[in-house]
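Here's the structure, in structure tokens; my notes come after.
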Amino acid sequence: MDIYNRIAVFRAERGTSRRALADAVGVNPQTIGYLERGDYNPSLELAMRIAAYFDVAIEHLFSFQPFESVAVALRRTDTAE
Amino acid sequence: MSLPERLDNLARLTGMPALAERMASGGQRRHLRWFPIVALLVVSIGMALIVASPQRSWLGYLVLILGNAIAAWLPIFGPIKPWGEIADERERQVRHDAYFAAFATISLVSVVGVSLIMSLTLIERWEIGTLLFDLAGFILFLFSLWEVIPTLHASWATRPIEDE
């Protein structure tokens, strides 16, 4: 089963490099790249460590459904206002 | 100086141990997609020559050793970290899958290869020397597979990640 994530979005928002995140959660920087590309599904332990690093709930980072894009989310917010 | 120490020094002269240590201490590992295929082709041709022409099996051995020499570099530069080197969960998964593929391949090739050599021994009425020579070549061929298949599997199972 595919697991979608938005690690890249959180990383870009915080200005965190792949290496910094990798060092913080104890993996190789390439592994962060594979996670972001969806080529590797993390263990529960790694997923929780990444969520803890960004200080968000795990379901904000990982989902069985594709996350909506930032543009769609912004458009929805504008419409609601 | 004891014999093992002398042998260690001889091995160090080849430069391979220093290279392996450099890779273990953070050297860049890469996807090697074509070198394993070349090595596999060369060792397969060598093995085929040994089996097909016992009179000229020296030529097959030459090709087999050449292929084995190419294969020997693959675990050093390939994408799989050797056991004993620190690897994260994805790297351990890649290594697990790659060696599982290698064990499965080697098992299958062993059964087919030994059956073929047994059959040829009976059909061609090989002498014991020819049989032993072919079996020794087959062992070298299997050893080459052990070096080639994990790198081949890991290099094609994943796409490389570009540097940030």
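General remarks:
- Each residue in segment B:145-160 was checked for being within 12 Å of chain A (Cβ to nearest Cβ) and crowded, with 16+ Cβ neighbours inside 10 Å, and 1 of them qualify.
- Screening segment A:1-53 for helices (runs of 4 or more DSSP H) wholly inside it with 2 or more residues that are of a type in the set (Val, Ile, Thr) returns the ranges A:7-14, A:29-37.
- Applying a threshold of 6 Å to beta carbon distances and a minimum spacing of six or more residues, or different chains, the list of pairs starting in segment A:27-45 at a residue that is more than 7 Å from chain B (Cβ to nearest Cβ) and ending at one that is among the basic types (Lys, Arg) reads A:Pro29/A:Arg18; A:Pro29/A:Arg19; A:Ile32/A:Arg18.
- Residue in segment A:48-64 that is in contact with a Leu (Cβ under 8 Å, 6 or more places away or on another chain), facing chain B (nearest Cβ under 10 Å) and under 25 Å from B:Arg92 (Cα atoms) present: no
- Qualifying residue in segment B:87-94 (condition: exposed (fewer than 14 other Cβ atoms within 10 Å of the Cβ), modelled with pLDDT under 90 and assigned to a helix (DSSP H, G or I)): no
- Residue match in segment B:71-82 (condition: surrounded by fewer than 17 Cβ atoms within 10 Å (Cβ to Cβ), outside any helix (DSSP H, G or I) and either within 14 Å of chain A (Cβ to nearest Cβ) or in contact with a Phe, Trp or Tyr (Cβ under 9 Å, 6 or more places away or on another chain) (or both)): yes
- Qualifying residue in segment B:127-135 (condition: under 18 Å from the mean Cα position of the chain (by Cα), on the phi < 0 side of the Ramachandran plot and not aliphatic (A, V, I, L, M)): yes
- Residues of segment B:116-145 that turn out to be free of Cβ contacts under 8 Å to residues at least 60 places away in the same chain and outside any helix (DSSP H, G or I), as a count: 2
The values are calculated or read from the model by the stated rules, or taken from the named source; none is laboratory data. Here the structure is a predicted model, which means the values were calculated and not measured. Using ideal geometry, Cβ is built from the backbone for each residue, glycine included, and neighbour counts are taken over all protein chains shown.
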